[in-house]
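A short reminder: the numbers here are calculations on the coordinates, not readings from a lab. These numbers come from a predicted model, not from an experiment. Every residue, glycine as well, gets a Cβ built from its backbone with ideal geometry; the counts of neighbours run over all protein chains shown.
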Amino acid sequence: MLDKKIVHHLAKISLALFRKNFFGIYHGSISKKIDHNRFIINKKDAIFDEIEEATLCQLSMNIHDYSWDLASVDAVIHSSIYTQIHEAKYISCGMPPYTTAYALEHDTIVCEDYFGKMTFDKITVYDPGDFETWYDRNFVEVPKLLKETPNNVIVIRGVGVYVYDRDMNNLVKKVAILESSCRILALKSLCKLDEPLGL
């Protein structure tokens, strides 16, 4: 049986991220580290605006039992991050549309709004290479990339955003600021298209 406070907290945050389009109905993952060896993560069939105890599972990082078969496809990545980055207490992965779309055409996200500039300044977009082998490599590459970034967030072209933090509210704040910054950059591009041609 899972701790009811943790379940309630994850459900509340998951709904907030879902409403911000960070998660699709079935796409994404969210987890909380319980201790040095265990974490709670959504199951692979979880619907993110309806997270409850039945849609979460507790996993051991040392023992891969049947629970791993029920867990999100991202469970191995989360386990690897928790093992290698000890300050990580919460992790999430999703595909916020403006960030994901912007990353398809740019190698760097250079924030131009106040909150984006103060929080991130700029974020390098990583190319995952061959999509066919991504899930064979991501549990090695994602923690390595996260350890190299100063803000606990990485954007991977065509894959999405991975983020961790010690505090879930800070994690959500970073996701919201990044997506807002990318939305502003997208709108700026549209405004340029609407400008009349000079004669």
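Counting only lysines at least 8 places from residue 188 when in the same chain, those with an alpha carbon closer than 22 Å to its own are 20, 117, 122, 174. Among residues other than residue 29 with Cβ under 14 Å from its Cβ, the summed charge is +2 (Lys and Arg +1, Asp and Glu -1). Taken over segment 1-104, the convex hull of the Cα atoms encloses 103 Å³ per residue. Each residue in 87, 179 was given a count of other beta-carbon atoms within 10 angstrom of its own, and listing them fewest first yields 87, 179. For residue 71, the amide hydrogen comes within under 5 Å of the amide hydrogens of 44, counting only partners 5 or more places away or on other chains and with H modelled in the peptide plane. Calculated mean residue ellipticity, 222 nm, the chain: -13500 deg cm²/dmol, from DSSP H runs (n ≥ 4) at -39500 (n - 2.57) each, averaged per residue and rounded to 500. Counted by neighbouring Cβ atoms within 10 Å, the residues 149, 99 run from fewest to most as 149, 99.
Fewest-first ordering of 131, 120 by other beta carbons within 10 Å of each residue's beta carbon gives 131, 120. A Cα-only calculation for segment 98-179 places Rg and Dmax at 12.6, 38 Å.
For segment 4-194, the extents of the C-alpha atoms along the principal axes are 55, 31, 28 Å, listed from largest to smallest. Amide hydrogen proximity for residue 56: with H placed 1.01 Å from N in the peptide plane, the residues at 5 or more positions away or on another chain lying under 5 Å are 43.
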